[in-house]
Amino acid sequence: MPNSGPSSALTFNSPGERVCILSDSEITVRGLNEWRYGWKARGWRKANGKPVANADLWRRLDALADAADRYVTSSIGSEVMPVSH
């Protein structure tokens with residue numbers, strides 16, 4: 001599961017602590033930076049109405065990420081994207 005590593009890492013930081021997550025998984029990077037807000041607004045469903053795969057893990061990651069001041073980026077590129085609330 002692509003987001004199990006970030007979930008584990010975020011479990012050990014204090015709320016509000018700055019965290020930088022590097023990932024080569026587009027699903028993890030885009031899921032945290034873009035998609036989770038829409039998924040959550042739609043009841044953890046994708047834009048096409050289908051359920052998000054592994055929604056239970058994404059819910060956990062969403063809650064952990066909201067508690068952290070975090071940056072998520074691809075380890076392939078050099079751009080670091082701040083995750084906005």
Which residues, counting only those in the stretch 22-42, are under 12 Å from LEU61 (Cα atoms) and touching a Phe, Trp or Tyr at 6+ places or on another chain (Cβ under 8 Å)? GLY31, ARG36
What are the pairs with Cβ atoms under 8 angstrom where one residue, in the stretch 48-64, is free of Cβ contacts under 8 Å to residues at least 12 places away in the same chain and closer than 13 Å to LEU10 by Cβ and the other, located anywhere, is assigned to a helix (DSSP H, G or I) and among the hydrophobic types (A, V, I, L, M, F, W, C)? Sequence gap at least six, or different chains. none
Near pairs, Cβ below 7 angstrom, 6+ apart or cross-chain, from the stretch 6-28 (over 12 Å from ALA67 (Cα atoms)) to any residue that is at pLDDT below 80 and open to solvent by 80 Å² or more (accessible area, probe 1.4 Å): ASP24/ILE76
Those residues of the stretch 33-85 which are open to solvent by 40 Å² or more (accessible area, probe 1.4 Å), in contact with a strand residue (DSSP E or B) (Cβ under 7 Å, 6 or more places away or on another chain) and modelled with pLDDT of 85 or more, in sequence order: ARG45, PRO51
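The values are calculated or read from the model by the stated rules, or taken from the named source; none is laboratory data. These numbers come from a predicted model, not from an experiment. Glycine gets a Cβ as well: all are built from the backbone with ideal geometry, and neighbour counts include every protein chain shown. These area figures cover heavy atoms from the full protein model, side chains too; ligands, DNA and RNA do not enter into them. Shrake-Rupley method; radii C 1.70, N 1.55, O 1.52, S 1.80 Å.
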